[in-house]
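Input: a single structure, listed below in structure tokens.
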Amino acid sequence: MRRAAGQECASADIRSAVDVMTAAYEDVPFSELLHHPAATTRRIDAVRALRLRRRDAGDLALMRVEQMERDATVVDFSSRLLTGLVRTDTSRPCGRPCPRPCPGSPSCRPGTSTP
């Protein structure tokens with residue numbers, strides 16, 4: 001749908017243009033995939049991935065390749081953006097742009113505060 005310059009999009013237009021997922025993943029027993037493969041894989045249409053629970057080994061994730069590539073693109077872009085910010089903005093300490101520091105960093109230890 002083409003819009004004239006200055007015309008705003010309604011939220012309904014945005015939602016129809018973006019693939020909206022209701023949940024990040026859904027827990028599914030691995031045996032369900034073995035017994036009902038077609039029905040189980042159709043559940044990916046509603047979630048980003050299926051978490052396949054296994055009894056005697058680590059869980060597995062089942063997702064569409066397109067979703068995996070989109071996720072990789074977001075991670076790559078975010079990494080490049082943060083790297084660029086750290087390299088170009090030397091006037092401020094690196095931790096300042098991030099109000100919630102990473103666990104284990106000095107500012108997360110009891111009795112310390114962030115600058």
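Output the residue which, of all residues in segment 35-49 that are of a type in the set (A, V, I, L, M, F, W, C) and closer than 13 Å to Y25 by Cβ, is surrounded by the most Cβ atoms within 10 Å (Cβ to Cβ).
So the residue we want is A49.
For residues that are outside any helix (DSSP H, G or I) and of a type in the set (A, V, I, L, M, F, W, C), scanning just segment 50-72, find the one that is farthest from E26 (Cα to Cα).
Ranking the qualifying residues of segment 50-72, first place goes to A57.
Could you tell me whether V75 is among the β-branched types (V, I, T), surrounded by fewer than 13 Cβ atoms within 10 Å (Cβ to Cβ), assigned to a helix (DSSP H, G or I) and modelled with pLDDT of 90 or more?
Judged against the criteria, V75 is a match.
Can you tell me which residue in segment 27-46 is nearest to the chain's Cα centre (by Cα), limited to those that are modelled with pLDDT of 90 or more and either at positive phi or not in a helix (DSSP H, G or I) (or both)?
In this case the residue turns out to be D27.
The values are calculated or read from the model by the stated rules, or taken from the named source; none is laboratory data. These figures come from a predicted structure and were not determined experimentally. Neighbour counts are summed over all protein chains in view; Cβ atoms, including those assigned to glycine, are modelled from backbone coordinates with ideal geometry.
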